[in-house]
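Colleague: Quick one: the structure is below, and I'll ask about it shortly.
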Amino acid sequence: MDDILNALALFTNFVLLPAAVYGSQLALGALGVTLVYGILRFSNFAHGDTMAFGTMIAILFTWWLQAKGVSLGFLPTALLAIPVAVLVTVGFALLSDRWVYRYHRVKKAPAVVFLICSVGVMFLLNGIVRFVIGPGEQHFVDGERFIFTVAQFREFTGLERGIAFRTSQALTLVSALVIVVALFWFLERSRTGKSMRAYSDNENLALLSGINPERVVLITWVLAAALATVAGVLYGLDKGFRPFTYFQLLLPIFAAAIVGGLGSPLGAIAGGFIVAFSEVLVTYAYRQVLDYLGPEAWEPVGLMQLLSTDYKFAVSFVILVLVLLIRPTGLFGGKSV
């Protein structure tokens, strides 16, 4: 029985818990992508670098707070910086809409024009982040790192293997739950949320009903920028900040949005967890788990790993291609890509 529990502890520590946390981060990112696609009707390729930009602002403000001696005790000081980072990122998103996207929206330009514009905004954001904070890895985590460590878990349970639960993981899971519940309440219950859904379903009918399109666009950018910032900061707290990593995150985020169905918030959440668990399950080395579950005389050969972790983004790419080939509208029947 102890062998099964040890195998379960290993699997939880290295697969279930990291995948759940990573899935929450992807889900928040994919929600921003699917909101822009569902309401503004274009794929925002700048979303990954918007996450990086928001995280950069949070890091800079966190460093300033730390220099002033401000802290939250056992919690990361970056939590105090998130509101400032959200405000700055929202401001940039609204300026980019006014200076870049609005002109083409008035001209009724096709979606591909907006997509190309978003690529330009992506390169602009990428350059700003690299110029301001540098291309290297930046650390901004403080406070207590663990809620409980592997050693504490082993001492409490008496098992040979243990589970570590980091503060950043708990913050990600709790924040994602609160944000998703609040967002769905907003979209389903509030008058503004209903206006956004009506505008997404039928723009012409919504305009005839007296819905202000510019207000809908403004709220959409506010929500997308806020989601990008929070997702970026949570990812940075959990895995560290490096600008190029956020550029790479665009692939799994879009894969998550497309798997669930572009334009479907519920699909974005489901897609985030599907992509995250797929990446972690395929790239995990199962040797130690199989050591506990297999017969005593049997010893696994090699790492028992399907793919190296270097290829984890390839898993997202394969999922993306398969969904586009088999079910372009995604699992929850979003708009066809």
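The values are calculated or read from the model by the stated rules, or taken from the named source; none is laboratory data. Please read these numbers as outputs of a predicted model, since none were measured by experiment. Note that each Cβ is placed from the backbone with ideal geometry, even for glycine, and that neighbours are counted across all protein chains shown. Please note that ligands, DNA and RNA were not included when accessible areas were found on the heavy atoms of the full protein model with its side chains. Shrake-Rupley method; radii C 1.70, N 1.55, O 1.52, S 1.80 Å.
Colleague: Could you check, for segment 248-266, whether at least one of its residues is in contact with a His (Cβ under 9 Å, 6 or more places away or on another chain), in a loop (DSSP other than H, G, I, E, B) and either more than 20 Å from V180 (Cβ to Cβ) or of a type in the set (G, A, S) (or both)?
Modeller: no
Colleague: Condition (residue is part of a loop (DSSP other than H, G, I, E, B), open to solvent by less than 60 Å² (accessible area, probe 1.4 Å) and not small (G, A, S)) applied to segment 118-137: is it met by at least one residue?
Modeller: no
Colleague: Something else now. May I ask you to list the residues in segment 85-100 that are over 10 Å from A46 (Cβ atoms) and more than 24 Å from the chain's Cα centre (by Cα)?
Modeller: Scanning segment 85-100 gives R98, W99.
Colleague: Look at V100 and say whether it is outside any helix (DSSP H, G or I) and under 29 Å from A224 (Cβ atoms).
Modeller: Numbers: outside any helix (DSSP H, G or I): no; under 29 Å from A224 (Cβ atoms): yes.
Criteria not met by V100.
Colleague: How do the pairs read when you match residues in segment 276-293 that are touching a residue at least 12 places away in the same chain (Cβ under 8 Å) and among the aromatic types (F, W, Y) with residues anywhere that are surrounded by fewer than 17 Cβ atoms within 10 Å (Cβ to Cβ) and not in a helix (DSSP H, G or I), using Cβ under 8 Å and keeping only pairs 6 or more apart or on different chains?
Modeller: Pairs that qualify, where the first residue is touching a residue at least 12 places away in the same chain (Cβ under 8 Å) and among the aromatic types (F, W, Y) and the partner is surrounded by fewer than 17 Cβ atoms within 10 Å (Cβ to Cβ) and not in a helix (DSSP H, G or I), are Y284/Q305; Y286/P300; Y286/L303; Y286/M304; Y286/Q305.
Colleague: Determine, yes or no, whether I269 is under 14 Å from V33 (Cβ atoms), part of a helix (DSSP H, G or I) and open to solvent by 20 Å² or more (accessible area, probe 1.4 Å).
Modeller: yes
Yes/no matrix, rows are residues, columns are (1) of a type outside the set (S, T, N, Q); (2) in contact (Cβ under 8 Å) with a residue 40 or more places away in the chain:
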site	(1), (2)
H139	yes, yes
F156	yes, no
E160	yes, yes
S168	no, yes
L171	yes, yes
I179	yes, yes
F184	yes, yes
R191	yes, no
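Colleague: For segment 144-234, give me every one of the helices (runs of 4 or more DSSP H) that falls completely inside it and has 3 or more residues that are open to solvent by less than 40 Å² (accessible area, probe 1.4 Å).
Modeller: Fully inside segment 144-234 and qualifying: 167-189, 191-201.
Colleague: Being within 30 Å of Y292 (Cα to Cα), open to solvent by 10 Å² or more (accessible area, probe 1.4 Å), under 12 Å from the mean Cα position of the chain (by Cα) and touching a residue at least 24 places away in the same chain (Cβ under 8 Å), is that true of even one residue in segment 2-18?
Modeller: Checked against the condition, which is being within 30 Å of Y292 (Cα to Cα), open to solvent by 10 Å² or more (accessible area, probe 1.4 Å), under 12 Å from the mean Cα position of the chain (by Cα) and touching a residue at least 24 places away in the same chain (Cβ under 8 Å), segment 2-18 yields no hits at all.
Colleague: Could you please find all residues in segment 58-92 being under 22 Å from R215 (Cβ atoms) and either open to solvent by 10 Å² or more (accessible area, probe 1.4 Å) or at pLDDT below 95 (or both)?
Modeller: Scanning segment 58-92 gives V86, L87, V88, V90, G91, F92.
Colleague: Next question, about the same structure. Scan segment 275-300 for residues that are open to solvent by 40 Å² or more (accessible area, probe 1.4 Å), modelled with pLDDT under 80 and either touching a Ser or Thr at 6+ places or on another chain (Cβ under 7 Å) or part of a loop (DSSP other than H, G, I, E, B) (or both) and report the count.
Modeller: The total comes to 5.
Colleague: Six or more apart or on different chains, Cβ atoms under 9 Å: show the pairs whose first residue is in segment 107-136 and closer than 17 Å to D97 by Cα and of a type in the set (S, T, N, Q) and whose second is in a loop (DSSP other than H, G, I, E, B) and open to solvent by 40 Å² or more (accessible area, probe 1.4 Å).
Modeller: S118/F45
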